[in-house]
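Working notes, structure below.
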Amino acid sequence: MMQDLLILGIESSCDETAAAVVKGGRTVLSNVISSQIDIHTLYGGVVPEIASRKHTERINQVIRQALQEADVTLSDIDAIAVTYGPGLVGALLVGVAEAKALSFATGIDLIGVHHIEGHISANYIEHTELEPPFMSLVVSGGHTHLVNVPAYGEYEILGRTRDDAAGEAFDKVARAIGLGYPGGPKIDLAAREGNPDAIAFPRAHVDASAYDFSFSGLKSAVLNYLNGCEMKGETISVPDVAASFQKAVVDVLVTNSMMACEEHSCKKFALAGGVASNSALRHAMEEACRERGIDFYVPSPVFCTDNAAMIAVAGYYEYQKGIRSDLTLNAVPNLPLGER
């Protein structure tokens with residue numbers, strides 16, 4: 001029966017090597033993540049070549065551990081779901097090659113999963129009552145997507161970033177104010193000691209598309225402010241800069257998301273992606289939804305950042321629809337959402 005299906009998920013799109021076993025699309029039996037943050041912190045960001053090498057070193061270990069923690073063997077697995085895009089091509093190739101090898105050796109069905117679809121599906125893990133249709137905002141280091149989800153596995157992109165993704169902007173601003181990498185958690189922490197109204201940073205809106213995002217102008221405004229203070233010999237309050245920048249990002253994300261919910265008469269909203277761990281964004285989005293009578297969903301932080309449980313969940317719903325991948329499956333670093 002479908003509710004007993006066991007999906008092995010594999011995720012290696014960036015700098016986390018992850019494997020998980022999920023039962024029936026909602027119950028996580030194991031979720032193993034081997035992070036490379038400590039390594040890439042030395043370089044101020046992810047180094048693709050290093051990420052790929054570390055995935056190669058660790059992927060067999062994390063899969064073995066995921067199976068052990070779930071108390072299953074490969075012979076118990078019904079399908080293998082793997083991220084095949086978007087992401088760093090070298091990193092993706094490691095996961096895809098591993099999944100294909102396991103599928104070939106065992107005869108287990110293979111399912112290629114879109115990374116953003118995985119992030120959206122993470123909401124199903126802890127919110128068993130959540131079912132489409134709903135609106136979702138995916139915010140991460142590489143993506144900012146506002147997505148209408150009319151049914152399982154169906155996605156309509158309403159808005160996306162025209163330049164920097166929200167998480168990318170966090171990383172760049174964090175580096176500029178001396179907080180280092182990874183920028184998101186460090187800005188979140190610093191902002192708690194600052195005044196979000198101390199500096200009037202711009203809120204960018206794209207005239208041609210009301211749902212699209214743009215954060216490069218905001219990033220430039222922060223850099224200009226820092227340079228101006230330096231030229232004038234003025235003291236820079238890192239907490240105030242962090243809080244003011246964070247509020248500018250959050251305001252735009254909330255405004256566009258709520259506008260989409262209202263114009264599409266949507267009463268369910270799901271936040272997803274690594275930046276969904278940001279405390280200010282979670283609070284502001286929850287408040288905005290509450291004021292409008294919209295049910296709000298967001299995963300726990302461990303399921304916001306890259307993990308394999310979300311890939312297994314997305315794979316489960318693809319499996320239900322009869323979708324399978326063959327051994328020609330390849331990494332697609334710029335894979336658009338909704339395409340296979």
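The values are calculated or read from the model by the stated rules, or taken from the named source; none is laboratory data. In this text, all values refer to a predicted model and were calculated from it rather than measured experimentally. Because the Cβ atoms are built from the backbone with ideal geometry, glycine has one as well, and the counts that use them run over all protein chains shown.
Summary table below
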{"read-out": "Which listed residue, of V28, V32, is under 17 Å from the mean Cα position of the chain (by Cα) and either modelled with pLDDT of 95 or more or more than 12 Å from S13 (Cβ to Cβ) (or both)", "value": "V32"}
{"read-out": "Boolean, A272 is crowded, with 23+ Cβ neighbours inside 10 Å and not assigned by TED's automatic domain parsing to the domain that holds S140", "value": "no"}
{"read-out": "Count of residues meeting criterion [surrounded by 16 or more Cβ atoms within 10 Å (Cβ to Cβ) and farther than 15 Å from F170 by Cβ] in the stretch 240-257", "value": "4"}
{"read-out": "Residues within the stretch 281-340 that are closer than 23 Å to I59 by Cβ and in a helix (DSSP H, G or I), tallied", "value": "13"}
{"read-out": "Flag if S12 is at pLDDT 95 or above, closer than 20 Å to G141 by Cβ and touching a Gly at 6+ places or on another chain (Cβ under 6 Å)", "value": "yes"}
{"read-out": "Close pairs from the stretch 1-19: first closer than 13 Å to G315 by Cβ, partner of a type in the set (K, R), Cβ under 9 Å, at least 6 apart", "value": "L5/K23; L6/K23; I7/K23; A19/R64"}
{"read-out": "Residues of the stretch 204-229 satisfying the condition of being of a type in the set (A, V, I, L, M), part of a loop (DSSP other than H, G, I, E, B) and touching a residue at least 12 places away in the same chain (Cβ under 8 Å)", "value": "A204, V206, A210"}
{"read-out": "Selection status of R290, out of contact with any Pro (no Cβ under 8 Å at 6 or more places or on another chain), closer than 30 Å to Q3 by Cβ and surrounded by fewer than 24 Cβ atoms within 10 Å (Cβ to Cβ)", "value": "no"}
{"read-out": "Filtered residues of the stretch 47-71 (kept if at pLDDT below 95, among the β-branched types (V, I, T) and either part of a helix (DSSP H, G or I) or crowded, with 21+ Cβ neighbours inside 10 Å (or both))", "value": "I50"}
{"read-out": "Among the candidates G142, G180, G153, G217, residue that is over 22 Å from I294 (Cβ atoms), touching a Cys at 6+ places or on another chain (Cβ under 9 Å) and at pLDDT below 95", "value": "G142"}
{"read-out": "So T128, is it modelled with pLDDT under 95, of a type in the set (S, T, N, Q), touching a helix residue (DSSP H, G or I) at 6+ places or on another chain (Cβ under 9 Å) and more than 24 Å from R53 (Cβ to Cβ)", "value": "no"}
{"read-out": "Output for the stretch 213-235, where each listed residue is farther than 20 Å from V254 by Cα, small (G, A, S) and out of contact with any helix residue (DSSP H, G or I) (no Cβ under 9 Å at 6 or more places or on another chain)", "value": "S220, G228, G233"}
{"read-out": "Residues satisfying the stated conditions in the stretch 77-112, i.e. of a type in the set (F, W, Y) and surrounded by fewer than 24 Cβ atoms within 10 Å (Cβ to Cβ)", "value": "F104"}
{"read-out": "Qualifying residue in the stretch 173-194 (condition: of a type in the set (K, R), surrounded by fewer than 19 Cβ atoms within 10 Å (Cβ to Cβ) and assigned to a helix (DSSP H, G or I))", "value": "yes"}
{"read-out": "Only one of H115, H143 that is surrounded by 16 or more Cβ atoms within 10 Å (Cβ to Cβ) and outside the structural domain of L179 (by TED's automatic domain parsing)", "value": "H115"}
{"read-out": "Selection count, the stretch 230-272, where residues are touching a residue at least 12 places away in the same chain (Cβ under 8 Å), part of a loop (DSSP other than H, G, I, E, B) and among the β-branched types (V, I, T)", "value": "1"}
{"read-out": "Residue that is surrounded by the most Cβ atoms within 10 Å (Cβ to Cβ), among those in the stretch 293-331 that are β-branched (V, I, T) and out of contact with any helix residue (DSSP H, G or I) (no Cβ under 8 Å at 6 or more places or on another chain)", "value": "I323"}
{"read-out": "Residue that is nearest to F296 (Cα to Cα) [pool: residues in the stretch 97-139 that are in contact with a Lys or Arg (Cβ under 8 Å, 6 or more places away or on another chain) and part of a helix (DSSP H, G or I)]", "value": "Y124"}
{"read-out": "Restricting the stretch 11-30 to residues that are among the polar types (S, T, N, Q) and surrounded by fewer than 24 Cβ atoms within 10 Å (Cβ to Cβ), the residue that is nearest to L93 (Cα to Cα)", "value": "S30"}
